[in-house]
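Colleague: One structure is given below, represented as structure tokens, and several questions about it will come after.
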Amino acid sequence: MDKTRLRLLSAAHEMAKDLHAVGAMDIVTMREFDAHCLLHIGKFSATKIKQLRKDAGVSQPVFAKIINVNVATIKQWERGERTPSGAALKLLFIIKNKGIEVAL
């Protein structure tokens, strides 16, 4: 998803939260809106992970510490031997879209 679409989706979600806050949207509708706003994460290739780390300007050990995984895991991801999943995948997605600063 490109940054413009992400920005628009974020703005729409903020508007929905404001409507809920003033009582113009009930909690059920708000939760449904929340669910529709969740972004599909997809997968990160070895190349994308390595590029994400390099774009952040950090070494493998520093990147591992930021993501809270073992350095060996970062190396395996970057060689394509393993792929990230779960919370690590979500964090990579957030870092890709918001920058490394959000994880510091």
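Colleague: Convex hull volume of the Cα atoms in the stretch 14-62, per residue, in Å³?
Modeller: Details: hull volume 6.2 nm³, N = 49.
Each residue corresponds to 127 Å³ of Cα convex hull volume.
Colleague: Quick one: net charge of ALA16's neighbours, Cβ under 12 Å, K/R +1, D/E -1? Numbers along the way, then the final one.
Modeller: Numbers: positive: LYS17, ARG31; negative: GLU14, ASP18, ASP26, GLU32, ASP34.
Summing Lys and Arg as +1 and Asp and Glu as -1 gives -3.
Colleague: Please name whichever of LEU6, SER45, ALA24 sits farthest to the positive end of the charge dipole of the chain, dipole taken about the Cα centre and charges placed at Cβ: Lys and Arg +1, Asp and Glu -1.
Modeller: Farthest along the dipole direction, towards plus: SER45.
Colleague: Under a no-solvent Debye model with one identical scatterer per Cα of the chain, what's log10 I(q)/I(0) at q = 0.11, 0.16, 0.22 Å⁻¹?
Modeller: -0.44, -0.75, -1.09
Colleague: Counting only C-alpha contacts under 8 Å and six or more residues apart, can you give the relative contact order of the chain as a whole percent?
Modeller: Values: 69 pairs, mean separation 24.1, N = 104.
So the answer I get is 23 percent.
Colleague: Starting from the Cα of LYS17, step 7 Å along the direction of its Cβ; do the same at ILE94; then give the gap between the two resulting points in nm.
Modeller: Going from the LYS17 label point to the ILE94 one covers 1.4 nm.
Colleague: Next question, about the same structure. Give me the net charge for the shell around ILE67: Cβ to Cβ below 11 angstrom, other residues only, Lys and Arg +1, Asp and Glu -1. Each step should come with its number before you reach the end.
Modeller: Working: positive: ARG53, LYS65, LYS90; negative: none.
With Lys, Arg at +1 and Asp, Glu at -1, the net is +3.
Colleague: Right, another one. Please compute the contact order of the stretch 33-92 in relative form: average sequence separation of alpha-carbon pairs under 8 Å and at least six residues apart, divided by the residue count, as a percent.
Modeller: Working: 44 pairs, mean separation 24.0, N = 60.
Value for the stretch 33-92: 40 percent.
Read the figures in this text as sums done on the coordinates, not as results from a lab. Predicted, not measured: the structure shown is a model, and the values here were computed from it. Counting neighbours? That spans all protein chains shown, and the Cβs are built from the backbone with ideal geometry, glycine included.
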